[in-house]
Amino acid sequence: MRFAGRDEFCRLGVAPLPFLAVVAFAFAAVVVRAAGPGAGSNPTMIENAKAGTSDWQLTRVRLDRSDGCRSALIEGYCSRQSVEAGEKIEIMVSTEPASPFRIEIFRTGYYGGLGARLMKTLGPFQGEVQATPKPDARTMHECKWKPTTEIVIPADWSSGVYVGRLTTLPGKPEDPYWQSYVIFIVRDQRPADILFQCSDNTWQAYNGWPFKSSLYTHPKGNGPWMDVSFDRPYGREAQFAAIVNDPLTVGSGGYFAFEFPMAFWLEQHGYDVSYCSNSDMLAPERGLKCRTFLSVGHDEYWDIRQFKSAEAMRDAGVSLLFFSGNSVCWISPFKSSGDGRPNRVLWRSGPYGASQPHAEDREKTNGPFPERGPDEGYLMGARNVRPVIGCGDWIAVKPEHWIFEGTGMKNGDRIPGLVGWEFHGDPPAIPGLEVVAEGTAWTSSTKAQHWTATIYPGPKGNYVFNAATIFWCQGLSMPPGHTLPWSHWSRPHGPDPRVQQITV
């Protein structure tokens, strides 16, 4: 599949159209040019033509304490962040007290608006209490649980974000059941129009399991002194409780809050999309097979090899779209797990930003750090700024730019609440860079910060867009299982045809 961009519309002699007409025209153009089995099909469209289910969300969750992070009644994790067809992934589960349970595996997507498809049901299994590890010298909790089951990924499982719903099986009908998720990504190596990078490094950095045990809870502050392990359940993100207060996503990291609206919308409109983990981008080869690379939601933690991969992709002609905020903020090198599996431990080794003030400030307040990363502005088109927390309206300042075609936006028009709760600003001097939207994000009645959304040309007809906000995807869709976030007495309003059209 290939989607028609502005230049292609011009070559076809088509004037800018209202939003719905543009979507319909773009989709029709896709159908005519699509490659693959059947007329007008690509793997994403073929997958979404299959029957979805409305019964995939969590219904009954109980945290271990009122301010808790974990669901000890049933919880689990996977042995790998991502896996390809033919590869094995193990699922580790603990139940306290020991209880029988089942696992239902779902692929998330559009599926006629239902949001997921049931792929496999496993069990029943007899649960057992698996030990909560004691923190090591770097405050890391690394579980060494026995595998409950394993799956060899079938060849017909499409790339996507998969969740396993864990459900206890009560002995009597009147007894309650309890639930949580595990989450993993199925990746592939095929050429695709869009490569969607999930922000799972950031999910793990903020993971509070077993109790506020994240990269943000060390007594010395947000420095290089602690590790976090992927070998533990995703608990409720304690730091985000005031932003996304939804325990019915426990076990799924930040996916449903900050990334699922983008995946749902892309698949709804038939885009050819493949998915990957942060850890899959340590070399550029996967991205070089695709036309466009997406950083989505809260994509804060990047191994330096991810940065170099993104530079190589841009320089080779891949477009980079940062539908995200606070991205490429901290260098997060990977370490191996205790049993030698690569890329299972994460830590904060220093800020990106070179000699920029925001990097110097982080060094003073949280350092010293062993390294300093390059200026992320020259990759993204805008930088992380201090303060980085706040909210505001997304304000168009260059409505004549082609990204606004079909939106009807005029200079100064606002999309309410779309900026937050973290963002980008301070664009560098890149030739051809344009600020297309900008404004003020307020952290309180007395603190403010300037943010900028930017676009600049790549070397081979590609471009780099920076939406400058974690909340961008909130304007695309409101899928099942999603709750709108809020922060600093502001919130995005949900789907907005202007956000959708700019994204088109």
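Under 5 Å from the amide H of Gly127 lie the amide H atoms of Ser99, Phe101, each residue being 5 or more positions distant or on a separate chain, with H modelled from the backbone and absent for Pro and chain starts. Write out the GluC sites (Glu not before Pro) in the stretch 382-431 meeting two conditions: DSSP loop, and at most 15 other Cβ atoms within 10 Å of their Cβ. Answer by residue number: Glu400. Residues whose amide H comes within less than 5 Å of that of Tyr275, counting only those at least five positions distant or on another chain, are Gly160, Asp188, Phe196 (H built at 1.01 Å from N in the peptide plane). The mean sequence separation of alpha-carbon pairs under 8 Å and at least six residues apart, normalised by the residue count of the chain, gives a relative contact order of 14 percent.
The spread of Cα positions in the stretch 259-312, taken along each principal axis and listed from longest to shortest, comes to 33, 24, 15 Å. Considering helices alone, the calculated mean residue ellipticity of the chain at 222 nm is -4500 deg cm²/dmol, with DSSP H runs of length four and up weighted by -39500 (n - 2.57) and normalised per residue. Whole-Hz Karplus values for the stretch 484-491 come out as 5, x, 8, 6, 6, 6, 8, 7 Hz, taken residue by residue from phi with 6.51 cos²θ - 1.76 cosθ + 1.60 and θ = phi - 60°; glycine and proline positions read x. Label point 7 Å out from Arg305 along Cα-to-Cβ: which residues of the stretch 256-279 have amide N under 11 Å? Once the point is set 7 Å along Cα→Cβ of Arg305, 279 turn out to lie under 11 Å by backbone N, inside the stretch 256-279.
Each principal axis of the Cα atoms in the chain has its own extent, and those three values, largest first, are 66, 58, 41 angstrom. Each Lys or Arg adds one and each Asp or Glu takes one away; over the other residues whose Cβ falls under 14 Å from the Cβ of His358, this sums to -3. The residues of the chain expose on average 36 square angstrom of accessible surface per residue, using a 1.4 Å probe on protein heavy atoms. Restrict the search to the stretch 441-504; then list the chymotrypsin sites (Phe, Trp or Tyr not before Pro) that DSSP places in a loop and that have at most 16 other Cβ atoms within 10 Å of their Cβ. Within the stretch 441-504, the qualifying chymotrypsin sites (Phe, Trp or Tyr not before Pro) (loop, at most 16 other Cβ atoms within 10 Å) are Trp489.
The Kirkwood radius of the stretch 128-266, taken over pairs of alpha-carbon atoms, gives through the Stokes-Einstein law at 4 °C and 1.567 mPa s a diffusion coefficient of 76 µm² s⁻¹. Computed 3J(HN,Hα) for the stretch 423-428, one whole-Hz value per residue from the Karplus formula 6.51 cos²θ - 1.76 cosθ + 1.60 where θ = phi - 60°, is 7, 10, x, 6, x, x, glycine and proline marked x.
Taking 0.36 nm per residue of separation and subtracting the current Cα-Cα distance, fully stretching the chain between Arg65 and Asp315 would add 85.0 nm. The lysines whose alpha-carbon is closer than 22 Å to the alpha-carbon of Lys447, local same-chain residues fewer than 8 away aside, are Lys364. Of all beta bridges that DSSP places with both ends in the chain, some 70 percent have antiparallel geometry.
Positive end of the dipole of the chain (Cβ unit charges, origin at the Cα centre): among Phe465, Asn278, Val328, the Cα lying farthest that way belongs to Asn278. Residue by residue, the stretch 164-169 carries 3J(HN,Hα) couplings of x, 8, 8, 9, 6, 10 Hz when phi is fed to the Karplus relation 6.51 cos²θ - 1.76 cosθ + 1.60 (θ = phi - 60°); x denotes Gly or Pro. Helices of the chain meeting both criteria, an alpha-carbon length of 15 angstrom or more along the long axis and an average Kyte-Doolittle score not below 0.5, with helices taken as full DSSP H segments, are 19-33. Dipole check for the stretch 159-293: with +1 at the C-beta of Lys and Arg, -1 at the C-beta of Asp and Glu, and the Cα centre as origin, the magnitude is about 200 Debye. Expressed as a whole percent, the accessible surface of the stretch 135-180 that belongs to carbon and sulfur atoms is 56, based on a 1.4 Å probe. Amide H contacts for Lys212 (H built 1.01 Å from N in the peptide plane; partners 5 or more residues away or on another chain; cut-off under 5 Å): Cys69.
The values are calculated or read from the model by the stated rules, or taken from the named source; none is laboratory data. Predicted, not measured: the structure shown is a model, and the values here were computed from it. Every residue, glycine among them, receives a Cβ derived from its backbone with ideal geometry; neighbour counts consider all protein chains shown. Note: areas computed on protein heavy atoms with side chains; ligands, DNA, RNA excluded. Shrake-Rupley method; radii C 1.70, N 1.55, O 1.52, S 1.80 Å.
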